[in-house]
1. Taking R0 as 22 Å, what FRET efficiency do you get between Glu141 and Ala59 from their Cβ-Cβ distance, rounded to the nearest 0.05?
2. Roughly how compact is the chain, stated as its Cα Rg over 2.2 N^0.38 Å to two decimals?
3. Sorting check: for 309-320, 129-140, which peptide has the highest mean count of neighbouring beta carbons within 10 Å, and how do the rest follow?
4. Could you order peptides 263-270, 47-54, 100-107, 278-285 by the average number of other Cβ atoms within 10 Å of their residues, highest first?
5. Divide the volume of the convex hull of the Cα atoms of the stretch 223-320 by its number of residues and quote the answer in cubic angstrom per residue.
6. Please report, to two decimal places, log10 I(q)/I(0) for the stretch 277-320 at q = 0.14, 0.32 Å⁻¹ as given by the Debye formula with identical point scatterers on the Cα atoms and no solvent.
7. How big is the gap, in Å, between the Cα center of the stretch 132-161 and the Cα center of the stretch 250-320?
8. Specify the residue with the greatest mean-square fluctuation among His254, His88, His214, computed from a Gaussian network of the chain linking alpha-carbon atoms under 10 Å apart.
Amino acid sequence: MSKLPCAELHLHIEGTLEPELIFDLAARNGIELPYADLDELRARYEFTDLQSFLDLYYANMDVLRTEADFADMTRAYLARAAAAGVRHVEVMVDPQAHLARGVALETCIQGVAAVLETSEAEFGMSTALIAAFLRDRPQEEASRVLADLLAMNAPIIGIGLDSAELGNPPENFVPLYEQARAAGLKLVAHAGEEGPSHYIEQALDLLLVDRIDHGIRCMDDPELVARLEREQVPLTICPLSNVRLQAVDSLESHPLPLLLEQGLNVSVNSDDPAYFGGYVDDNFAVLRRTFDLNPAQLARLAENSVTASFASAQRKAELF
Ligand code: ADE
Ligand code: ZN
């Protein structure tokens, strides 16, 4: 197992909800789950594409009702990430997924943020929070939620764009990204996970993002790959996620080593570790085994994660 000190930049906190915690929170909140036991739940973790995962991901979130639920989930992730060697994490949260279930914005934001605040003291891990917006819901709703987050002074450093990608291009969210930019927020977006390579170009040219989450479909367009290298656009890549959601045919055919070789800023991340078979150390371990990556290549991946992070210059210097 690799314990390279690194930053994790692509992590959905709701995707860290482990099956055991789902059962614990269901019991605490008096919720009857549609699974008899852990084995029956685990048997559902076979995905054919992004949507098949999202269906389970959103269904399981139903157990998150109180600030304490969000806090317990976040604490469990931080402990596991610290063991994996993560020293800085930028956590995404999906506020709309909770609002749609009647859970207040304050409940999810405060529950996650309060625990992130403790992580420097407890684990020596710096943290930041990114509010991700659901691209399969209307732009107007996203803009309203962002306005509410800003009005409540939510401790977010940036916004992201996630959920079902195909048919929901970045160009639909230009006003949201203008609003976030005007508020001084950092900008990231999932693009080119399942969607075509021109969604990556839209995210860069229309949303003006600082980073692309996934971005692996850039492989379909050599000119785009050259641009990503030239402009050093960070791609936060999630190998186990791509395999489990069948965004790549196999780990062996994953483009990460090629992109690294071509000088792109690619980093290794876990996306939704409770669903995809591992945390960031597990992602590093399978990459190292599969591609026989040497120490210099592994160190470059870890360095890229720091360079691409939104940590302060001082914190970056500490992390290198
Ligand atoms: N939400 C959580 N994980 C996601 C992923 N891998 N792609 C899009 N939306 C997501
Ligand atoms: Zn993701």
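Just so it is clear, none of the values below were taken in a lab; they were calculated from the coordinates. In this text the structure is predicted, and so the values were computed from the model without any measurement. Positions of Cβ are generated from backbone atoms using ideal geometry, with glycine treated the same way; all protein chains shown enter the neighbour counts.
1. Details: r = 20 Å, r/R0 = 0.93.
Using R0 = 22 Å, I get an efficiency of 0.60.
2. Numbers: Rg = 18.2 Å, N = 320, 2.2 N^0.38 = 19.7 Å.
Here the Cα radius of gyration is 0.93 times the empirical estimate.
3. 129-140, 309-320
4. Numbers: 263-270: 25.2, 47-54: 16.9, 100-107: 14.8, 278-285: 23.0.
Final packing ranking: 263-270, 278-285, 47-54, 100-107.
5. Numbers: hull volume 10.4 nm³, N = 98.
It is 106 Å³ per residue.
6. With one equal scatterer per Cα and no solvent, log10 I(q)/I(0) is -0.40, -1.06.
7. Centre-to-centre distance over Cα atoms comes out at 28 Å.
8. His254
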